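Quick notes on the structure that follows.
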Amino acid sequence: MRISTMLKTSTLGFASYCFMSTAMFAQERDLFQEAPWNASVSIGQINFEGDEEVEDGTSFAFKLGYNFDERWAVEGLFNIMPKLDGRSGLNPSRNRLGGNVGTEPAVKDTWAVRFGADVLFHLRNTEDLRVDPFLKLGVGLMHFDEEVDSGNDELVFTGGGGLMYHLSDAWALRGDVQTTLAGGDTEVNLLYHIGLNYRFGTYIAPDFRVSGGVKDSDGDGLSDELERKIGTDPFNPDTDGDGLNDGEEYYVYKTDPLNPDTDGDGLLDGEEVNLYKTDPLNPDSDGDGLSDGDEVKVYGTDPLNPDTDGDGLKDGEEVNRYKTDPLNPDTDGDGLKDGPEVSAHGTDPLNPDSDGDRLRDGEEVLTFRTNPLDKDTDDGGVEDGHEVLDDGTNPLLGSDDLLRYELRIEFDYNKATIRSTDNEELNIVTLVLLRDPAATAVIEGHADKRKKSKRDYNQKLSEKRAAAVRQYLIDKGVAGSRLKSVGYGFDRPLVPNDTEENMQHNRRVEVYIREGNKQ
């Protein structure tokens, strides 16, 4: 007797110690993704237009639906009208009202089914999902067991709406009203139903919790006593408001529940864990030299990929060392990725023409196989760009280079007059051309560039300088047909126009002579 009493006492004590919670929290769940499928069963009536050959009848409907989101859904349906009586007073030969009341109906009795599909648009307030009005449009096929009107089958178009009242996440009461357009004479019929709707997949497993133990007022997984000890708020599950509850921070992620950004990288601990998947204890999760916060908020790079654009340089190197764009593998657009420019070729990833020979670094490396750091790869005396773009010679073969003369003609500022002190250099060119009657020459004029320089004016000035040298050579006996003069304005400087000495050097004329045996 004593043992029995003890067993009863223990059983009652355990029952009072444990309880089961099966409450459902629709507002915390995305049911449209978790449970998109639903089914409805309903009963109602179809009301036929007065000139149809059948009377109104009972209708049963079965529907299977799929929710794309909280607004849009589609439904497939099967509708059965098990008994439809023929309508008296119809003349079947004309399919219109006629004859005398009481004449035999055109159809004795029949039954019908309808197959179709509807598109639904829900008007519900997403803050209150219980009341759920909707509109719908659809199309289907109605089949009669006996020939009615023009045949057994009719194409049906429907439009209407309805209302669901959700009793829970799974169950809802449902009412529908539809107008149907059917048949060759476009009969307008009315169809209405009321029934139940069931959403699949909303079940939540029971949550067993122990009561009577250590108190956890805010349900964050930390006891009130421990929260007071570590300084968190026992009535606030997320004391620092970082998106992680205090228990997760303390036990799982080892972050500081009193600091929303434990590693100081500019991202909240909750953002790191739930959104970006970065390490909330490491300010630079991918080790690229940029903090996770800077990657996300400043540069738009991937905090989990040290080389976001795949150019061979870490994002931090691009930003802090080379000043290149970590989202563009070829910052200067020269055809070489920033990484190979730095590590393989030694070129400037911010300058598409590192050696200034008018060929892009990518063209030099990939197309012409010239040295992107040497203006004259074959040491023939003519720059690679001039050989490729102007002369049509091989930038890798020095023997085919034209004879290049950079005349140190000291043109005065804004002048195109040859001074007598420059005749010695011009006479050397004259001698070369006179010794080789088959040789031809291109005379190029150039100008410097100042803050107020105008392109058109300097273009014409450079042309005048080239023309002055051409005329000098003609006056010395060189046929004008062998000489061509062009001007390039200030577009081809030898050195930066940053000092008076450099600008003087850029006010120049260059002569390129193609020898007779190279014609």
**OP:** Being surrounded by fewer than 22 Cβ atoms within 10 Å (Cβ to Cβ) and not in a loop (DSSP other than H, G, I, E, B) is the filter here, so list the residues in the stretch 290-302 that pass it.
**Re:** Asp294, Val296, Lys297, Val298, Tyr299
Subject >> Top-ranked residue in the stretch 34-48 [being among the aliphatic types (A, V, I, L, M) and part of a strand (DSSP E or B); ranked as farthest from the chain's Cα centre (by Cα)] >> reply: Ile46
Subject >> Criterion: modelled with pLDDT of 90 or more and in contact with a Leu (Cβ under 6 Å, 6 or more places away or on another chain) - qualifying residue of Ala39, Ala117 >> reply: Ala39
**OP:** Hey, can you tell me all the residues within the stretch 349-368 that are closer than 19 Å to Val382 by Cβ and either in contact with a strand residue (DSSP E or B) (Cβ under 6 Å, 6 or more places away or on another chain) or surrounded by fewer than 18 Cβ atoms within 10 Å (Cβ to Cβ) (or both)?
**Re:** Gly356, Arg358, Thr367
**OP:** Identify, from the list Asn351, Asn274, Asn305, Asn282, the residue that is in contact (Cβ under 8 Å) with a residue 12 or more places away in the chain and more than 30 Å from Glu249 (Cα to Cα).
**Re:** Asn351
Original post:
If you go through the stretch 401-441, how many residues are within 60 Å of the chain's Cα centre (by Cα), of a type in the set (S, T, N, Q) and more than 16 Å from Ile474 (Cα to Cα)?
Top reply: 1
**OP:** May I ask you to say which residue of Gly212, Gly221 is buried (at least 16 other Cβ atoms within 10 Å of the Cβ), more than 30 Å from Asp132 (Cβ to Cβ) and at pLDDT below 95?
**Re:** Gly221
Subject >> Unmet requirement for Gly195, which otherwise passes all of (1) in contact (Cβ under 8 Å) with a residue 40 or more places away in the chain; (2) exposed (fewer than 14 other Cβ atoms within 10 Å of the Cβ); (3) small (Gly, Ala, Ser) >> reply: (2)
Subject >> Single condition Gly287 does not satisfy, out of (1) within 33 Å of the chain's Cα centre (by Cα); (2) surrounded by 19 or more Cβ atoms within 10 Å (Cβ to Cβ) >> reply: (2)
Subject >> Residues located in the stretch 453-490, provided they are of a type in the set (D, E, K, R) and more than 20 Å from Glu515 (Cα to Cα) >> reply: Lys454, Arg455, Asp456, Lys460, Glu463, Lys464, Arg465, Asp475
**OP:** Please indicate, with yes or no, whether at least one residue in the stretch 186-208 is outside any loop (DSSP other than H, G, I, E, B), of a type in the set (Asp, Glu), at pLDDT 90 or above and not assigned by TED's automatic domain parsing to the domain that holds Ile80.
**Re:** no
Original post:
Looking at (1) within 24 Å of Leu244 (Cα to Cα); (2) out of contact with any helix residue (DSSP H, G or I) (no Cβ under 8 Å at 6 or more places or on another chain); (3) of a type outside the set (Phe, Trp, Tyr), which is the only condition Gly310 fails?
Top reply: (1)
Original post:
Which residues, counting only those in the stretch 437-456, are over 20 Å from Asn502 (Cβ atoms) and either surrounded by fewer than 16 Cβ atoms within 10 Å (Cβ to Cβ) or not assigned by TED's automatic domain parsing to the domain that holds Gly489 (or both)?
Top reply: Pro437, Ala438, Asp456
Subject >> Of all residues in the stretch 62-83 being surrounded by 20 or more Cβ atoms within 10 Å (Cβ to Cβ) and touching a Ser or Thr at 6+ places or on another chain (Cβ under 7 Å), the one that is farthest from Met164 (Cα to Cα) >> reply: Met81
**OP:** Any residue in the stretch 445-472 that's farther than 18 Å from Glu406 by Cα: show its pairings with residues that are of a type in the set (A, V, I, L, M) and assigned to a helix (DSSP H, G or I) at Cβ separation under 9 Å, as long as the two are six or more apart or on different chains.
**Re:** Lys449/Met503; Arg450/Met503
**OP:** For Asp498, indicate whether it is under 25 Å from Arg514 (Cα atoms) and among the acidic types (Asp, Glu).
**Re:** no
**OP:** Write out, first by first residue and then by second, each pair whose Cβ atoms fall under 8 Å of each other, whose residues are 6+ apart or on separate chains, and whose first residue, in the stretch 490-506, is outside any loop (DSSP other than H, G, I, E, B) while the second is of a type in the set (Ser, Thr, Tyr) and surrounded by fewer than 15 Cβ atoms within 10 Å (Cβ to Cβ).
**Re:** none
**OP:** Inspect the stretch 406-414 for any residue being on the phi > 0 side of the Ramachandran plot, at pLDDT below 95 and in the same structural domain as Asn458 (by TED's automatic domain parsing) and give the result as yes or no.
**Re:** yes
Subject >> Index of the failed condition, Leu403 passing every other in (1) surrounded by fewer than 18 Cβ atoms within 10 Å (Cβ to Cβ); (2) of a type in the set (A, V, I, L, M, F, W, C); (3) touching a helix residue (DSSP H, G or I) at 6+ places or on another chain (Cβ under 9 Å) >> reply: (1)
Original post:
Of the conditions (1) farther than 15 Å from Asp132 by Cβ; (2) exposed (fewer than 14 other Cβ atoms within 10 Å of the Cβ); (3) not basic (Lys, Arg), Glu49 fails just one. Which one is it?
Top reply: (2)
**OP:** Please tell me if Glu424 is acidic (Asp, Glu), more than 16 Å from Asn497 (Cβ to Cβ), in contact with a strand residue (DSSP E or B) (Cβ under 8 Å, 6 or more places away or on another chain) and assigned to a helix (DSSP H, G or I).
**Re:** no
**OP:** Looking only at the stretch 219-278, count how many residues are part of a loop (DSSP other than H, G, I, E, B), closer than 30 Å to Val298 by Cβ and small (Gly, Ala, Ser).
**Re:** 4
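A quick yes/no check of all residues on (1) surrounded by 22 or more Cβ atoms within 10 Å (Cβ to Cβ); (2) aromatic (Phe, Trp, Tyr); (3) not assigned by TED's automatic domain parsing to the domain that holds Asn245:
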position: Asp279; (1), (2), (3): no, no, no
position: Pro283; (1), (2), (3): no, no, no
position: Ala344; (1), (2), (3): no, no, yes
position: Thr347; (1), (2), (3): yes, no, yes
Subject >> Filter result for the condition that a residue is surrounded by fewer than 24 Cβ atoms within 10 Å (Cβ to Cβ) and in contact with a Ser or Thr (Cβ under 6 Å, 6 or more places away or on another chain), over Asp315, Asp325 >> reply: Asp325
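The values are calculated or read from the model by the stated rules, or taken from the named source; none is laboratory data. As the structure is a computational prediction, the values presented were derived from the model and not from experiment. Ideal geometry is used to build each Cβ from the backbone, glycine not excepted, and the neighbour counts take in all protein chains shown.
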